[in-house]
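Student: One structure coming up, written as structure tokens, with questions to follow.
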Amino acid sequence: MAADIPTWLTKDYIKTALQHDENLTNILSIENMEIDCPVAKGNNYSSVIFRVQAVYKVKDEKELQKISLIVKAPAQGKLQEHDLLSKLHGKENIIYDEVIPKYKSLLGEKWPNIMAKSFYSVHKNILLLEDLKVKGYVLADRIEQLNFEESALALTNLAILHAASVKLFETEPELIKKAGAEPVFRDEMKELLNVSHKGFINIAANICENRPELSNYVESMRKVGEYVFDALIELSKPKKGEFNVLNHGDFWTCNMMFKYIDNKPVHNIPIDLQLCRYATPAFDIVYFMNGSPKEEVRIEKYNDLLNIYLDKLNTHLEIFGSDKRLSKIELKKAIDDCGIYGVHVTISILPLLLADPDKIEIVEVKEMSVEEFKNIESNNTMDAYFKNEEYLKILKTRFEEFEKKGWYLKNL
């Protein structure tokens, strides 16, 4: 592990970070520091995470103090060195350094404590956060997926974040636009990502061809692969005169932490906001619903979860002093308009979210070259993800649903 620790992650680096906190300006030195990597394979693809446990000395105090921090840095690898992908890092610092402080100053006591505390970082593409584990927060099991209570908590805090962004947009629209500049679905990313999006879908289609219960959907799947990236470029643009929010952008099981009491989830904190986009809230809803809840929860409690999100959204819009509201009809239409995104998430992202490192070898996508990434269909590196029986069981139900809703043909 020691060889993997960045050379810049030193005692002086942490000391400087802490000294910028108004409550920690009297730190004299970091006496001891332990670093480990707390994130399991398959839980994070675009960043490298370190836990730093520091013992520090304070002026005029004999007893040493302790603090635990999470340090998040861009993943190092061939793919991450691509110019377009390297630019994604730094967006999250805008959220923590500029947007969240504005929420706090604009909303005052109305702003709930639903985000991790951040600390100063010398490098603007490096994020330093409080270690939520110290406060009793943990990741839910991404392979087991979320139960109804966990899903309800997640959507509650998502609604609060969305509502706060609507209110802030009324006073500082340029800040929200800057924080929500489209990170993925844009023309300049097409050369890199269009082929890989198509490739993931074709990997799934190749496997479904040999499954009698799924083979009828192969033609539709391949058709989706041909146009999905262009469709998402258009769908991800904020629509004038419609309800837009600062989306989380990557809202799934491992990008939130839960606190449990007697095995019951009581609080939730969203994390990992490096893919925020300013667009319809349907993007976050569709991504979450098709990637995180247990399948029986998604099927049986879908409307209940939508109602929870909508109620919390409109309640907090009122609390925050905004006149904007979103109706159930408007939300359902937005979700339906983003149907192709649900198809895309199900076919080509869900296998990654469900990958069990005890059953398959987790592929370090960041270590692929750009050419390997573009040719992901032909190099067979990801096939095991798509042969997951749990994933394939889900497809049958989902495909029937998508066909009934006409989502395969949306935006064609």
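The values are calculated or read from the model by the stated rules, or taken from the named source; none is laboratory data. Everything numeric in this text was worked out from a predicted model, so none of it was measured. Cβ placement follows ideal geometry from the backbone for every residue including glycine, while neighbour counts extend to all protein chains displayed.
Student: Given SER215, SER220, SER236, which one is among the hydroxyl-bearing types (Ser, Thr, Tyr) and more than 26 Å from LYS333 (Cα to Cα)?
Tutor: Unique residue meeting the criteria: SER215.
Student: Of the conditions (1) at pLDDT 95 or above; (2) surrounded by 23 or more Cβ atoms within 10 Å (Cβ to Cβ); (3) under 25 Å from ALA205 (Cα atoms), ASN247 clears all except one; give me its number.
Tutor: ASN247 satisfies every listed condition except (3).
Student: Continuing with this model, one more query. With the condition kept exactly as written, say whether any residue in the stretch 285-299 is more than 17 Å from THR253 (Cα to Cα) and surrounded by fewer than 22 Cβ atoms within 10 Å (Cβ to Cβ).
Tutor: Yes: the stretch 285-299 contains one or more residues that are more than 17 Å from THR253 (Cα to Cα) and surrounded by fewer than 22 Cβ atoms within 10 Å (Cβ to Cβ).
Student: If you don't mind, there's one more thing I want to ask. Under 9 Å between Cβ atoms, at least 6 apart or on separate chains: pull out the pairs that start in the stretch 253-282 with a residue that is at positive phi and end on any residue that is of a type in the set (D, E, K, R) and part of a strand (DSSP E or B).
Tutor: What qualifies is ASP272/LYS72.
Student: In the stretch 201-217, how many are farther than 20 Å from ASN375 by Cα and either of a type outside the set (D, E, K, R) or crowded, with 18+ Cβ neighbours inside 10 Å (or both)?
Tutor: Going through the stretch 201-217 one residue at a time, the tally reaches 6.
Student: Which of the helices (runs of 4 or more DSSP H) contained wholly in the stretch 345-412 include at least 1 residues that are among the polar types (S, T, N, Q), surrounded by 15 or more Cβ atoms within 10 Å (Cβ to Cβ) and in contact with a His (Cβ under 8 Å, 6 or more places away or on another chain)?
Tutor: Once the helices (runs of 4 or more DSSP H) in the stretch 345-412 are filtered for at least 1 residues that are among the polar types (S, T, N, Q), surrounded by 15 or more Cβ atoms within 10 Å (Cβ to Cβ) and in contact with a His (Cβ under 8 Å, 6 or more places away or on another chain), nothing remains.
Student: Among the residues of the stretch 46-60, how many are at pLDDT below 90 and surrounded by fewer than 17 Cβ atoms within 10 Å (Cβ to Cβ)?
Tutor: 1
Student: Further, regarding this structure: If you check VAL138 against the conditions, is it surrounded by fewer than 18 Cβ atoms within 10 Å (Cβ to Cβ) and under 18 Å from the mean Cα position of the chain (by Cα)?
Tutor: Taking the combined requirement at face value, the residue satisfies it.
Student: Sticking with this structure for a sec: So which helices (runs of 4 or more DSSP H) are wholly in the stretch 250-344 and hold at least 2 residues that are over 27 Å from LYS104 (Cα atoms) and basic (Lys, Arg)?
Tutor: Passing ranges, in order: 328-337.
Student: Quick one: in the stretch 114-135, of everything that is within 15 Å of ASP21 (Cβ to Cβ) and in a loop (DSSP other than H, G, I, E, B), which residue is nearest to the chain's Cα centre (by Cα)?
Tutor: ALA116
Student: Looking at the structure I just gave you, is GLU213 in a loop (DSSP other than H, G, I, E, B), in contact (Cβ under 8 Å) with a residue 12 or more places away in the chain and out of contact with any Asp or Glu (no Cβ under 6 Å at 6 or more places or on another chain)?
Tutor: Yes, satisfied.
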